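Right, one structure below, let's go through it.
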Amino acid sequence: MSLFNSILSFPFIKRLSDIELFKKYPEDVQEDMFYNLIDKATDTAWGRAHNFKTINSVKDFKLALKLFRENTPLSYYDDIKPWITRARHGEADVLWPGLVKWFSKSSGTTSDKSKFIPVTKESLEDCHYRGGKDAIAMYVNGHPDTKLFTGKTLSLGGSKRQDDLNVNNYCGDLSAIVIDNLPFWAELVRTPKVSVALMDEWESKLKAIVEETRHENVVALAGVPSWMMVLLRRLMSETGVKNIKELWPNLELFMYGGVAFGPYKEQYKDVCGDLNLINIYSASEGFFGISDDADYDNMLLMLDYGIFYEFIPLEELEKDIPKAYTISEVELDRNYALVISSNGGLWRYVIGDTISFTHLKPYYFKISGRIKHFINVFGEELMVDNADRAIALASERTGALVKEYSAAPVFMTDTIKGRHQWLIEFERAPDDLDHFKNIFDEALKSLNSDYEAKRYNNMTLDVPEIIVARSNLFYDWLAAKNKLGGQHKVPRLSNTRDNIEEMLKFS
């Protein structure tokens, strides 16, 4: 590593010893995290209502956790919303000590209803910012000759506004909250400037970002793959370059999250050439994972960010009292709903994502889907992870570039068999759509034994149907729902036809 890199990377590298500590002693770190969270929240309204004082005095961890679970049932947004509303109105010490000034606003991909997730000072500093710094530390450790410190990172964020309930508060996309609260020196190493990054109207923002960044020395990108690709293609169109590295020759890294990279892999190779990748699992509720090697799908579960984790097997979730597991009790290749208690004031909160572990001690995982985003009408249990991988494989083998996709079941009747209907927008369509479909179908069979069983001889589940979407169909659908940019995503899989019927009207 050069002397220049050594000096600039020292604050980041110093964190690596802490990461190695929780890799080696994950159960101890999580146990300490549990007691720390309970202790800090004991005198909050939530802590008093759920008897945290008694829990905190029990030194036997298993017994304390048992009491915690008995006193604190699993919570979804509707359960905790009244408490959040109190905090939004300006009440202190509700879910976490002190006042909360920031609320990450998110709307589900199947509903227009907004959620306001509290972002405390502790969750911002000890979770979200620590996650970003750790991602850099882990990258520099694996790439000692990086030129990351010689240029700027292009961060594609959302927007913010005053809270309707309290003019002293702000709400917006998590990315906007993170960008707006960055220390002053961060402006020296990122682009575009804050006033542009936080613009509300997507098309105006896109134009401003293109004008500001086209002459910068951009060495890294950070954002959601789908929206970053929209920006990169706009840049290429405006500047006339055929590859983005003609514009930014020192570009070496893409830090992404929000959606799986697999379906976009060929697009990025086409637009950017070779890039190093870091997959980060950051959501409104917290920063959870970072990939630290070439296998960007697998992420290390970050255990010292002020979050205590529980994991509920997906098949348990609908039970009256679902069984929850700690980090020491999880198994490989099993889908778990992720449950967190955090320094953001969320308690046994089901965030909606499912993960499966790919390695134990240290704990590596991949995001397998969403609790509500899967297809299981025919017993096939098709998860988003299966679909993403099959799309990526079919694209690679046929030379296709898939821009976006969504799928839903076609229900069986007296005259037709049930099947899956896939609406796919291609950046570059395959020469033979049937060949693409066959590869895709076989890939799904190889990835999912339940799907394979239901597809056997077309008895339960017929051949999948692929509808080629017109150019920009998904973009127009999101625009009509006022969901352009930021953290908004196209819903991949659904057990109902509500989304896909809306989308088909845009054909």
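Return yes when PRO97 is part of a loop (DSSP other than H, G, I, E, B) and not basic (Lys, Arg) and no when it is not.
So PRO97 fits the description; yes.
Please determine, by comparing only the residues of the range 408-437 that are of a type in the set (Asp, Glu) and over 17 Å from ASP270 (Cβ atoms), which one is surrounded by the fewest Cβ atoms within 10 Å (Cβ to Cβ).
First pass over the range 408-437, keeping only residues of a type in the set (Asp, Glu): 414, 425, 427, 431-432, 434.
Pick out the ones that are also over 17 Å from ASP270 (Cβ atoms) and you get 414, 432, 434.
Values: ASP414: 4, ASP432: 11, ASP434: 10.
Among those residues, the one meeting the criterion is ASP414.
Within the range 192-207, can you find the residues that are surrounded by 17 or more Cβ atoms within 10 Å (Cβ to Cβ) and either at pLDDT 95 or above or among the charged types (D, E, K, R) (or both)?
LYS205 - this is the single residue of the range 192-207 that is surrounded by 17 or more Cβ atoms within 10 Å (Cβ to Cβ) and either at pLDDT 95 or above or among the charged types (D, E, K, R) (or both).
Only one residue in TYR405, TYR336 is more than 21 Å from SER284 (Cα to Cα), among the aromatic types (Phe, Trp, Tyr), out of contact with any Leu (no Cβ under 6 Å at 6 or more places or on another chain) and buried (at least 19 other Cβ atoms within 10 Å of the Cβ). Which one?
TYR405
Could you check how many residues of the range 367-393 are crowded, with 22+ Cβ neighbours inside 10 Å, assigned to a helix (DSSP H, G or I) and within 17 Å of the chain's Cα centre (by Cα)?
5
Being in contact with a Ser or Thr (Cβ under 9 Å, 6 or more places away or on another chain) and crowded, with 16+ Cβ neighbours inside 10 Å is the requirement here; does SER114 meet it?
Values: in contact with a Ser or Thr (Cβ under 9 Å, 6 or more places away or on another chain): yes; crowded, with 16+ Cβ neighbours inside 10 Å: no.
In short, no.
Yes or no, residue by residue, for (1) small (Gly, Ala, Ser); (2) surrounded by fewer than 17 Cβ atoms within 10 Å (Cβ to Cβ):
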{"site": "GLU266", "(1), (2)": "no, no"}
{"site": "GLU318", "(1), (2)": "no, yes"}
{"site": "ALA324", "(1), (2)": "yes, no"}
{"site": "SER328", "(1), (2)": "yes, yes"}
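Report those helices (runs of 4 or more DSSP H) wholly inside the range 110-218 carrying at least 3 residues which are farther than 28 Å from GLY289 by Cβ.
202-213
Out of the residues in the range 281-330 meeting the condition of being part of a helix (DSSP H, G or I) and farther than 17 Å from TYR25 by Cα, tell me which one is nearest to the chain's Cα centre (by Cα).
Once the filter is applied, the top-ranked residue is LEU314.
Identify the single condition in (1) farther than 14 Å from LEU174 by Cα; (2) of a type outside the set (Gly, Ala, Ser); (3) crowded, with 19+ Cβ neighbours inside 10 Å that LYS59 does not satisfy, given that it satisfies every other one.
Going through (1) farther than 14 Å from LEU174 by Cα; (2) of a type outside the set (Gly, Ala, Ser); (3) crowded, with 19+ Cβ neighbours inside 10 Å one by one, LYS59 breaks only (3).
Please find, among ASN217, ASN250, the residue that is more than 19 Å from TYR268 (Cβ to Cβ), more than 24 Å from the chain's Cα centre (by Cα) and not assigned by TED's automatic domain parsing to the domain that holds PHE474.
ASN217
Which strands (runs of 3 or more DSSP E) sit wholly inside the range 401-507 and have at least 2 residues that are in the same structural domain as LEU206 (by TED's automatic domain parsing) and within 21 Å of ARG389 (Cβ to Cβ)? Before you say what the answer is, go through the steps one by one.
Working: elements: 401-410, 419-428, 465-468.
So the answer is none; nothing clears 2.
Please count how many residues of the range 446-469 are closer than 16 Å to GLN421 by Cα and of a type in the set (D, E, K, R).
4
Please verify whether the range 430-447 includes one or more residues that are under 29 Å from ILE278 (Cα atoms), at pLDDT 95 or above, touching a strand residue (DSSP E or B) at 6+ places or on another chain (Cβ under 6 Å) and not charged (D, E, K, R).
No; the residues of the range 430-447 include none that is under 29 Å from ILE278 (Cα atoms), at pLDDT 95 or above, touching a strand residue (DSSP E or B) at 6+ places or on another chain (Cβ under 6 Å) and not charged (D, E, K, R).
Quick check on this structure: which one of LEU247, LEU253 is modelled with pLDDT of 90 or more, out of contact with any strand residue (DSSP E or B) (no Cβ under 7 Å at 6 or more places or on another chain) and at negative phi?
The unique qualifying residue is LEU247.
Provide a single number: the residues in the range 255-280 that are under 22 Å from VAL384 (Cα atoms) and either part of a loop (DSSP other than H, G, I, E, B) or in contact with a helix residue (DSSP H, G or I) (Cβ under 9 Å, 6 or more places away or on another chain) (or both).
Of the residues in the range 255-280, 17 are under 22 Å from VAL384 (Cα atoms) and either part of a loop (DSSP other than H, G, I, E, B) or in contact with a helix residue (DSSP H, G or I) (Cβ under 9 Å, 6 or more places away or on another chain) (or both).
Given the options PHE378, PHE311, PHE374, name the one that is of a type outside the set (S, T, N, Q), under 30 Å from ASP134 (Cα atoms) and in contact (Cβ under 8 Å) with a residue 12 or more places away in the chain. Give the derivation first.
Values: PHE378 fails: under 30 Å from ASP134 (Cα atoms); PHE374 fails: under 30 Å from ASP134 (Cα atoms).
None of the others qualify; the one that does is PHE311.
Starting from the range 77-95, take each residue that is more than 14 Å from LYS115 (Cβ to Cβ) and list its partners that are charged (D, E, K, R), counting only C-beta distances under 8 angstrom and pairs at least six apart or across chains.
Pairs found: ASP93/ASP43; VAL94/ARG86.
Of all the residues that make up the range 348-371, how many are out of contact with any Gly (no Cβ under 9 Å at 6 or more places or on another chain) and aromatic (Phe, Trp, Tyr)?
Number of matching residues: 3.
The values are calculated or read from the model by the stated rules, or taken from the named source; none is laboratory data. Since we're looking at a predicted model, the values are computed, not measured. Here Cβ is always computed from backbone atoms with ideal geometry, including for glycine, and neighbour counts include all displayed protein chains.
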